[in-house]
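Trainee: There's a structure below that I have some questions on.
Every read-out reported here was derived from the displayed coordinates using simple, explicitly stated rules and does not represent laboratory data. All of these numbers come straight from a predicted model, not from anything done at the bench. Here the Cβ positions follow ideal geometry from the backbone for every residue, glycine too, while neighbour counts run over all protein chains shown.
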Amino acid sequence: MARKRLWLISTIVTIFLSGCQIVAQPAAHETAVANALQTEVIESYLVDHLGVPAWDGKVFCSYAILYAEQVSEGYVYLWALCLQQHLEEDGLVVGAGISVPVALRVQEENGNWGIVGYLVPQDGTFFGADVRKIFPKSAWDQILPGNNREINQKNELVQRLEKAIEMQAKSYYGL
């Protein structure tokens, strides 16, 4: 049972990584899972559960996997960025947003994978303690950078997610 669970989790990781522009071809036995949970499903889930619409506009989300090889017990760990975009005469305007680490709870039922819940750390003084409770130790440096290299990596990650959201918004608004 544990081996099957580990195989299923590694299959999900492969799917998530392929959705993040990393070339990964699923094996034939992974096809059913690959078809069940796509990048769009994850982004839609994030929009519905993390997006913060503050005024007219549309919320777009993008994400990156945090050390996916550390996925365990049905969780996939990622960094999510959700931004509201509004079209004005001068172009796209960014509204409310959230940039946060997320632990997505995934579950397979009758051969179909789905997201069944999520965890995010609380704001403020609880943030660090919650990160250590929710996420594997190997992801802590990505979430709580402790030196300039780690800070730069986190900033570059968020910038890539911002560009992905900008592309989504331009496509949505026909720009």
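Trainee: Give the residue, chosen from Arg132, Arg149, Arg105, that is of a type in the set (Lys, Arg) and closer than 18 Å to Ile42 by Cβ.
Mentor: Working: Arg132 fails: closer than 18 Å to Ile42 by Cβ; Arg149 fails: closer than 18 Å to Ile42 by Cβ.
Going through Arg132, Arg149, Arg105 in turn, the sole match is Arg105.
Trainee: If Ile143 meets every condition in (1) surrounded by 14 or more Cβ atoms within 10 Å (Cβ to Cβ); (2) in contact with a Pro (Cβ under 9 Å, 6 or more places away or on another chain); (3) over 16 Å from Val76 (Cα atoms) apart from one, which number is that one?
Mentor: All conditions are met except number (3).
Trainee: Tell me, which residue of the stretch 103-133 that is acidic (Asp, Glu) and closer than 19 Å to Ala80 by Cβ is surrounded by the fewest Cβ atoms within 10 Å (Cβ to Cβ)?
Mentor: Residues of the stretch 103-133 that are acidic (Asp, Glu), as a first pass: 108-109, 123, 130.
Going one step further and asking which of them are closer than 19 Å to Ala80 by Cβ, we end up with 123, 130.
Working: Asp123: 9, Asp130: 15.
Ranking the candidates gives Asp123 first.
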